[in-house]
Amino acid sequence: MHTRHRHILGKHRLKHSPRPPPAVTVTRLRPGLSSIAQPGQEKQTAHPDPQGQEGPRLSPDTAVPPCIVPRRQHGDGGNSQPSSSSRRRQRGRSGRPEPATGTDPRGTAVASAAASLTCRSLETSAIACAIQILLRATGIGQPLEFSFSFPARDNLIHLSNPHLEKMKDDILYHFALGTGTHDFPALFGDVKFVCVGGSPSRMKAFITYIAEELGLGSVGADYPNICAGTDRYAMYKVGPVLSVSHGMGIPSIAIMLHELIKLLYHSKCSNVTIIRIGTSGGIGLEPGSVVITSQSVDATFKPQFEQVILGKTVIRSTNLDDQLAKELMQCSKEINEFNTVIGNTMCTLDFYEGQARLDGAICLYAEEEKLQYLKAAYDAGVRNIEMESSVFAAICNLSGVRAAVVCVTLLNRLEGDQISSSHDVLVEYQQRPQKLVGHFIKKCLGKV
């Protein structure tokens, strides 16, 4: 079994050899698992850290999956090697390439220890498969959170789906596009920036705006909808910029992102940056403020996206590119037209109860409870609320794409629930993320 698994890893390396080394960050370990070691290397120990800081980083030179070594509970100080029975269990089990497991039937608490490792030769899907094997082999049942990041961006889009290799044609149904009917590299091969937002009209307005800013279109020029064969999404392109609508909520943007990532992959795009531009409800901010998301958190303020796949709960990281957020913040300072902050964004499953509103058709909590919850969110670093950022971050992470979320706040939720600003004011608010991202694109292209 172990030999066969190494063969699978070899396939991934061969196909995606130009890709730079992905880094896997393990953010939680179960008690009793304090070590990460590479076969043939000296083991290093990550001690529980109440501050949540990262532990030691290992940089293996081979493509052999790292081993998580259980610590003995009596007298060895965590320095023992795995037993022969443990090694047999590791060799005798396999896992699906999915970066998380379900819940621990024993209800064991997860320790607040942290460690990270870098695998120089593994692709994300291969790493996910290896970690899944290790989770099962070592008996970890609680979800183990980790994220993928890529130190270099001069490479192609990564697909975490080996089944696509067997398909002769790939139909992107919700875009009304397909590899058998369209020349993707010719149509989209030069794309470097993808901006996505909820409304088709807003994304058309953005492509018109960025075309003028980049000097790529005449005043009043019309830009055709590339997805005119469907009414699900709208897509526009000018130069290296693609503008795509994603609808409202996690399911809608998730469908769009799956097909967008495949489109970029089939087009052989490289060095792509994806930015969501949208609207949100602010917490403790004046209306019209712009929030650049540092990480997306769920309704319990955890930086994770939870999804049920094949009946099992899967947890994925929702961290976003730190450096990209800083670059966008610098652009806002250069524009100097509106208040901009970097903060956490809470992603919810609906607009009303999920966001602690009092004005929905159903509301079974008091105003005091609402305010208590929103203040707790603020204390957790949350500065705005929307409904797409978590799955956006998760999918971009798994695809190795540099990504950011830039949203304007339409109101301060600590002061009310209903959006009462005039139409003209709201239109100007919605243009602020477009101005910020437009300045960023111009700067990247040397046109500032």
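What does the highest-first list of 372-379, 418-425, 212-219 look like by mean Cβ count within 10 Å? Let's see the in-between values first.
Values: 372-379: 15.6, 418-425: 10.1, 212-219: 13.6.
Answer by packing, highest mean first, reads 372-379, 212-219, 418-425.
When you count, for each residue, the other Cβ atoms within 10 Å and take the mean per peptide, how do 399-407, 320-328 rank with the highest first?
Values: 399-407: 24.9, 320-328: 17.4.
Result, highest mean first: 399-407, 320-328.
Given H placed 1.01 Å from N in the peptide plane, which residues other than close sequence neighbours of Leu172 have an amide H under 5 Å from its amide H?
Leu177, Gly178, Thr179
Could you pull out the GluC sites (Glu not before Pro) across the stretch 343-448 that fall in loop regions by DSSP (anything but H, G, I, E, B) with no more than 13 other Cβ atoms inside 10 Å?
Passing both the DSSP loop test and the Cβ count: Glu415.
Label points 7 Å out from Cα along the Cβ direction at Val308 and Ile362: separation in nm?
1.6 nm
Using a Cα-Cα cut-off of under 29 Å, which lysines could be cross-linked to Lys375, ignoring same-chain neighbours fewer than 8 residues away?
Lys302, Lys326, Lys333
Which whole-angstrom value gives the distance between the alpha carbon centres of the stretch 384-413 and the stretch 203-267?
17 Å
Roughly how many nanometres apart are two label points built 7 Å out from the Cα toward the Cβ at Ile335 and Tyr173?
Output for this residue pair reads 3.8 nm.
Evaluate E = 1/(1 + (r/R0)^6) for Lys326 and Leu349, where r is the Cβ-Cβ distance and R0 equals 25 Å; express this FRET efficiency to the nearest 0.05. Numbers along the way, then the final one.
On the way: r = 30 Å, r/R0 = 1.20.
E(calc), rounded to 0.05, equals 0.25.
Between rounded, prolate and oblate, where does the stretch 173-243 land on the alpha carbon gyration tensor, with a ≥ b ≥ c its root eigenvalues, rounded for a/c under 1.5, else prolate if a/b exceeds b/c?
Oblate shape, in that a/c is at least 1.5 and b/c is the bigger or equal ratio.
Estimate the FRET efficiency between His258 and Ala221 by the formula 1/(1 + (r/R0)^6), using the beta-carbon distance for r and 45 Å for R0, to the nearest 0.05. Don't jump to the answer; show the numbers that get you there.
On the way: r = 31 Å, r/R0 = 0.69.
With R0 = 45 Å, the Cβ-Cβ based efficiency is 0.90.
Could you tell me what % of all Cα pairs in the stretch 296-352 have separations over 14 Å?
The calculated P(r) of the stretch 296-352 puts 66 percent of pairs beyond 14 Å.
Need one number: nm distance between label points at Val448 and Ser421, each 7 Å from Cα along Cα→Cβ, rounded to one decimal.
My value for the distance between the label points is 2.3 nm.
Which shape class, rounded, prolate or oblate, goes with the stretch 358-431 when its Cα gyration tensor gives a ≥ b ≥ c as root eigenvalues, a/c under 1.5 marks rounded, and past that a/b bigger than b/c marks prolate?
Values: a/c = 2.24, a/b = 1.34, b/c = 1.67.
Oblate is the answer for the stretch 358-431, as a/c is 1.5 or above yet b/c matches or exceeds a/b.
Coordinate-derived values only; no laboratory data. Because the structure is predicted, anything quoted here is derived from the model rather than measured. All Cβ positions, glycine included, derive from the backbone under ideal geometry; neighbour counts span all protein chains shown.
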